[in-house]
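Written below as structure tokens is the structure these notes are about.
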Amino acid sequence: MRKWLLLAIGLAVLLAGWRPASQEPEGLALVRVLGVDGADPVTLTAVSGGDGQGGQSRGRSTGADFAQALEALPWSGEEELSLTSVSYLVVGRDVALEEVLLAVLRNEELGASATVWLAETGAADLLDGCEDPAAGLDLLARQEMGAPTVVEALAALEAGEALSLPLLAGGKPSVIDWEDRRTAT
């Protein structure tokens, strides 16, 4: 009788959808913020952490284009970097924005729901000078700064509309202005 009771409880838990909290595999860091600088070559800066992950990992890679830099990024830090949790895309002024946004959408790991932010002095400079960029950007998002998602930003550029991006500066990301960008026609 006791075995049946334990089996019934186990089955009830499974049917209720309970699952243990997921944890990062050992030696894998979930990237929350991805910085992009340059058009040829492209430099990517990745920062994990925030969201209760504990310690941060950082990585940087450079390639002839976004795809080549992205290919090298997972192994550029002290531990392997996973790009499945990118919430924030921080771009420098010198980025071929439409190409980068299209590459992000085509990549299976990167999400279309990441918000796009513009760094005043370049993404690498901003992220290097910030202890926890994900926490700062989380705060700005909660304050409803209205940064567009990758999909929204690309749609605006493709339609030839002005795209307004929040302009970030400081050691802890803060919005200092909004800047309009258009596709060169």
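Structure data summary
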{"quantity": "Table column - 3J(HN,Hα) (Hz), segment 87-98, Karplus curve with 6.51, -1.76, 1.60, x for Gly and Pro", "calculated": "9, 10, 10, 10, 10, x, 5, 8, 7, 7, 4, 4"}
{"quantity": "Residue-wise HN-Hα coupling along segment 147-155, computed from phi with Karplus coefficients 6.51, -1.76, 1.60 (Hz; x: Gly, Pro)", "calculated": "5, x, 6, 4, 5, 4, 5, 5, 4"}
{"quantity": "Approximate spin-label separation residue 71-residue 143, in nm, with each point projected 7 Å along Cα-to-Cβ", "calculated": "4.0"}
{"quantity": "Distant-in-sequence amide H partners of residue 32 (H built 1.01 Å from N, under 5 Å)", "calculated": "47, 48, 49"}
{"quantity": "Other-chain or far-sequence residues with amide H under 5 Å of residue 117's (modelled H)", "calculated": "89, 90, 91"}
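Taken together, the values in this text are just the output of simple stated rules run on the coordinates, not laboratory data. Everything numeric here is computed off the predicted structure, so don't read it as measured data. Neighbour counts are summed over all protein chains in view; Cβ atoms, including those assigned to glycine, are modelled from backbone coordinates with ideal geometry.
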